[in-house]
Amino acid sequence: MRINKTYKNYSHSRGFTLVEMIVAIIFIGIFATLALTRTQLGISTFQVQIAIDQITNDIDLARSMAFAKHDTITIVFSKTGENYDESYTIYSGPDNDRNVIIDFPNSTNGVISLDNSKMRNIDITEVNLDQGTELQFIPLGDCSLASNGSIVLNSKTIQIEPITGKWTINN
């Protein structure tokens, strides 16, 4: 009985050529670029939503504080020249005797800034309120707007109803 042993000759095996490697690297680069672009678009959408949530939550809290403390609470949007700053300040008290609420949640000494790492590309482009850049809630929690007000962030608009201060988001 004879056992046949066969040996394969691996000296003729082919690897990848330089052209194949270059083509593979180009495809990886294209797919990475597409993924990065889509990620940046998604991040900017989240940033706008975070800013909208911050402002609308602060509006709700200011209205609740005015009612609970039986005090006037005012949100003042900052403006430098023709451009709005990415910040606003919360005050308590009537127009002639205002004090900054230094312990307002998510604020630095009463100033809420949208200019941080979470909301880098957010711009307050327009504020249309009866009193210019001020949204005021009187002691019973009513809004002092006589007509609809709005705050525009990039392409989204926060509409604020008179008297109730309730808000809606429009594209």
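Taking into account only those residues within region 62-75 that are touching a Leu at 6+ places or on another chain (Cβ under 8 Å) and among the aliphatic types (A, V, I, L, M), which is farthest from residue 112 (Cα to Cα)? Here the answer is 66. So, in region 66-88, of the ones that are aromatic (Phe, Trp, Tyr) and more than 17 Å from residue 106 (Cα to Cα), which residue ends up surrounded by the fewest Cβ atoms within 10 Å (Cβ to Cβ)? That would be 67. Considered as a group, the residues in region 131-153 that are surrounded by 16 or more Cβ atoms within 10 Å (Cβ to Cβ), assigned to a loop (DSSP other than H, G, I, E, B) and of a type in the set (S, T, N, Q) include one that is farthest from the chain's Cα centre (by Cα), and that residue is 144. For region 154-171, the set of residues classified as among the β-branched types (Val, Ile, Thr), open to solvent by 10 Å² or more (accessible area, probe 1.4 Å) and closer than 22 Å to residue 87 by Cα consists of 157, 168, 169, listed by residue number. Taking residues in region 126-142 that are free of Cβ contacts under 8 Å to residues at least 60 places away in the same chain and within 17 Å of residue 154 (Cα to Cα), and partners anywhere that are assigned to a loop (DSSP other than H, G, I, E, B) and open to solvent by 20 Å² or more (accessible area, probe 1.4 Å), the pairs with Cβ atoms closer than 9 Å and at least 6 places apart or on different chains are 127/133; 128/148. Within region 89-123, the set of residues being surrounded by 13 or more Cβ atoms within 10 Å (Cβ to Cβ) and either closer than 21 Å to residue 140 by Cα or of a type in the set (Ser, Thr, Tyr) (or both) comprises 89, 90, 91, 92, 93, 94, 98, 100, 101, 104, 107, 113.
Every condition in (1) in a loop (DSSP other than H, G, I, E, B); (2) in contact with a strand residue (DSSP E or B) (Cβ under 6 Å, 6 or more places away or on another chain) holds for residue 158 except the one numbered (1). Sort through 122, 102, 73 and tell me the only one that's in contact with a helix residue (DSSP H, G or I) (Cβ under 6 Å, 6 or more places away or on another chain), hydrophobic (A, V, I, L, M, F, W, C) and farther than 30 Å from residue 44 by Cβ. Just one listed residue meets the conditions, 73.
The values are calculated or read from the model by the stated rules, or taken from the named source; none is laboratory data. All of these numbers come straight from a predicted model, not from anything done at the bench. Because the Cβ atoms are built from the backbone with ideal geometry, glycine has one as well, and the counts that use them run over all protein chains shown. The area values use the complete protein model at the heavy-atom level, side chains included, leaving out ligands, DNA and RNA. Shrake-Rupley method; radii C 1.70, N 1.55, O 1.52, S 1.80 Å.
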